[in-house]
1. Among the residues of segment 188-213, which ones are open to solvent by 80 Å² or more (accessible area, probe 1.4 Å), within 30 Å of F168 (Cβ to Cβ) and out of contact with any helix residue (DSSP H, G or I) (no Cβ under 6 Å at 6 or more places or on another chain)?
2. What number of residues within segment 158-197 satisfy the criterion of being touching a residue at least 12 places away in the same chain (Cβ under 8 Å) and not in a loop (DSSP other than H, G, I, E, B)?
3. Only residues in segment 113-139 that are at pLDDT 95 or above count as the first member; pair them with residues that are buried (at least 21 other Cβ atoms within 10 Å of the Cβ) and of a type in the set (D, E, K, R), Cβ under 7 angstrom, at least 6 apart or cross-chain, and list the lot.
4. Can you list residue pairs whose Cβ atoms sit under 9 Å apart, with the first residue in segment 30-59 being without any contact (Cβ under 8 Å) to a residue 60 or more places away in the chain and open to solvent by 70 Å² or more (accessible area, probe 1.4 Å) and the second being part of a helix (DSSP H, G or I) and charged (D, E, K, R)? Count only pairs 6 or more apart in sequence or on different chains.
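The values are calculated or read from the model by the stated rules, or taken from the named source; none is laboratory data. From a predicted model like this one, the values you see are computed outputs, not experimental measurements. With ideal geometry, Cβ positions are generated from the backbone for all residues, glycine too; neighbour counts draw on all protein chains shown. Surface accessibility is based on the protein's heavy atoms, side chains included, excluding ligands, DNA and RNA. Shrake-Rupley method; radii C 1.70, N 1.55, O 1.52, S 1.80 Å.
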Amino acid sequence: MQVLTANRVRDDACDSQTPQGGIASDPTATSDAEGFGFARALIESRQNVSPKRLVEPGPSPQQFEALMSLAAAAPDHGLLMPWRFIVVPASQRRALAEVFALALIDRDPGATLEQIESAREKAYRAPLLMVAVACLGPREPDIPRLERMISMGAAVQNLLLGAHAMGFGAGLTSGQAMKSKRMHALCGLGPEEFAVCCVNIGTAGKRKSAARLRPVPAEFVSELGAALPSRCS
């Protein structure tokens, strides 16, 4: 496992190619070019790693606490902390595996034994597995649900970037089981709490050879009053 130091990440940034129409490759126009270069290289080099490729070791207790402190730094209008994370320890993986299996059977009574075992197996992959929960019930101040989800997304992204900076692989997984009554009961969720996804962190046994193709800013940025942009659909 390699920890991404500032020097290594900045060297990687110098080697990367920015698509035509993307952010300028020279960050010296900013007041802190070195800091921008480090942040940009860290963000752009992060990859989603499948839990199947995540092996021991996972984060140490000290690293785990450090990652949680990054989640706490997410934007949080109203200071509602509209999210929380439920760690699934080794002793509870079997319970989660049964939820995955039974949720599949609930949806598809004709599921094969192979499909059911595959569903169970998903609970045993990453060394660190957490369920990310959105807290969307009535609160004061009454911050809109969508804004709370933005806060949750920022907390999750902070976790992913922090894990990447430590040299770990990380990825998100979801699926129909996340919204099942069985998952709700296992996690002890309240009436307006929702299991959104699983956060998986560990040592990457294998990584993708190439980064995915990312959109350029012109594809998602427009100016009010100008020609209508293509809509999200």
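1. Of everything in segment 188-213, those that are open to solvent by 80 Å² or more (accessible area, probe 1.4 Å), within 30 Å of F168 (Cβ to Cβ) and out of contact with any helix residue (DSSP H, G or I) (no Cβ under 6 Å at 6 or more places or on another chain) turn out to be F194, R207, K208, S209, R212, L213.
2. Residues in segment 158-197 being touching a residue at least 12 places away in the same chain (Cβ under 8 Å) and not in a loop (DSSP other than H, G, I, E, B): 25 in total.
3. Going by the 7 Å Cβ cut-off, the qualifying pairs are A134/R148; L136/R148.
4. These pairs meet every condition: E34/R10.
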